[in-house]
Amino acid sequence: MSANTMSEPGMETNDDRALPFQVDALDVRGRVVTLGPALDAILQRHDFPDPVNRLVGEAMVLAVLLASSLKDTGRFILQVQTEGPVSLVVIDIRTPGQIRATASFDIDAVAELEADGAPVSSADLMGKGSLAMTIEQGHSSQRYQGFVPIDGETLEDAAHVYFRQSEQIPTRIRLAVAQMFDRDESGETRHTWRAGGVIAQFMPESEDRIRHRDLPGGDDPEGKNDEPDTADTGDLPDEDDAWVEASVLLSTVQDHELTDPDIPAERLLVRLFHERGARVFEPMDLHDHCTCSRERIHVVLDQMNPEEIAEASLSGDISVRCEFCGLTYNFDPEGYLPKHSAK
């Protein structure tokens, strides 16, 4: 993979991509994600309430930040299950770059949160639950799963907990979603959704430099737990100086810098690391793409017994709707022969 050194703050860039970067002087690697038309197409298709749109947008950015690190083609699934107003969010990414998303929620509970007038955060929508990540790497049957509990936290917070406890890699993540307003050619006001995020990880060659990252055991020797808590950033005390510097720089990233179409990822990296120098690598393009198909559903129907087919066809045709893209497939129960599909 080729790399370019960042130098020109006005470099052109495109939406819907994940841009890998590396800051050699700080032993930091990461990615910047910008989502525009792909995110907007998915959210407009579902017509979720605005708070749910924001949560799904955050989840999409987080999923892309993680999936874009895969070195081979595969599948990455991020799933949020909670007891809150939004009970389920699923982001499904087929690398390289095919992304789809869906969510389940209690519309009355979401409306009640909106009625308070205060901004509704992802923590408000989720409450208690879990964040699960599944990786199916390449063409093998190997599967990796990671879980982290959610207890009144934002997705950003939950991701930091995951990397601190499961991966034990010093990590900083920023997520942002924005609703943009403009006017079309007829003068009508329209809105579109944008989102962005950045992940930076401390990955020095020497393990000695991050050996302190291991979490302490269950005991509390000499009142160690009385020290200031740094769990909200995924960091631990007595950090390596390089990671301290990188963490401070990442903490200065503003939401608008991640969602503004006039601030490309390259320009953001130049602002953050202009004194240290950042190298960027070939980006991964992202696309709104659903993998559902008539053939896939036919295989499922072919495995169903006659009783299940009879129950599924009580109203005539067998109708199967994809929860990701909204496409409905209709099948004739006799022989499961497809007839037509319509949105």
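So here's what we get for this one:
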{"item": "Residues of region 24-35 satisfying the condition of being of a type outside the set (Val, Ile, Thr) and either touching a helix residue (DSSP H, G or I) at 6+ places or on another chain (Cβ under 9 Å) or assigned to a helix (DSSP H, G or I) (or both)", "result": "Asp24, Ala25, Leu26, Asp27, Gly30, Arg31, Leu35"}
{"item": "Near pairs, Cβ below 9 angstrom, 6+ apart or cross-chain, from region 16-27 (assigned by TED's automatic domain parsing to the domain that holds Trp243 and on the phi > 0 side of the Ramachandran plot) to any residue that is hydroxyl-bearing (Ser, Thr, Tyr) and in a strand (DSSP E or B)", "result": "Asp16/Thr34"}
{"item": "Count - residues of region 149-204 that are assigned to a strand (DSSP E or B) and within 18 Å of the chain's Cα centre (by Cα)", "result": "20"}
{"item": "Complete set of residues in region 110-150 that are without any contact (Cβ under 8 Å) to a residue 60 or more places away in the chain and surrounded by 15 or more Cβ atoms within 10 Å (Cβ to Cβ)", "result": "Ser121, Ala123, Gly127, Gly129, Ser130, Leu131, Ala132, Thr134, Gly146, Val148"}
{"item": "Identity of the residue in region 278-307, surrounded by 12 or more Cβ atoms within 10 Å (Cβ to Cβ), over 30 Å from Ser69 (Cβ atoms) and of a type outside the set (A, V, I, L, M, F, W, C), that ends up modelled with the lowest pLDDT", "result": "His298"}
{"item": "Neighbours by Cβ (under 7 Å, 6+ apart or cross-chain): first from region 178-195, in the same structural domain as Pro119 (by TED's automatic domain parsing) and over 13 Å from Gln44 (Cβ atoms); second in a strand (DSSP E or B) and of a type in the set (A, V, I, L, M, F, W, C)", "result": "Thr189/Phe181; Ala195/Leu35; Ala195/Ala176; Ala195/Val177"}
{"item": "Failed criterion for Glu275 (all others in (1) within 30 Å of Leu78 (Cα to Cα); (2) outside any helix (DSSP H, G or I); (3) at pLDDT 80 or above hold)", "result": "(1)"}
{"item": "Test result for Asp238, out of contact with any Pro (no Cβ under 9 Å at 6 or more places or on another chain), among the acidic types (Asp, Glu), on the phi > 0 side of the Ramachandran plot and modelled with pLDDT under 90", "result": "yes"}
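The values are calculated or read from the model by the stated rules, or taken from the named source; none is laboratory data. Remember, it's a predicted structure, so these values are computed and weren't measured experimentally. Neighbour counts run over all protein chains shown; Cβ positions are idealised from the backbone, glycine included.
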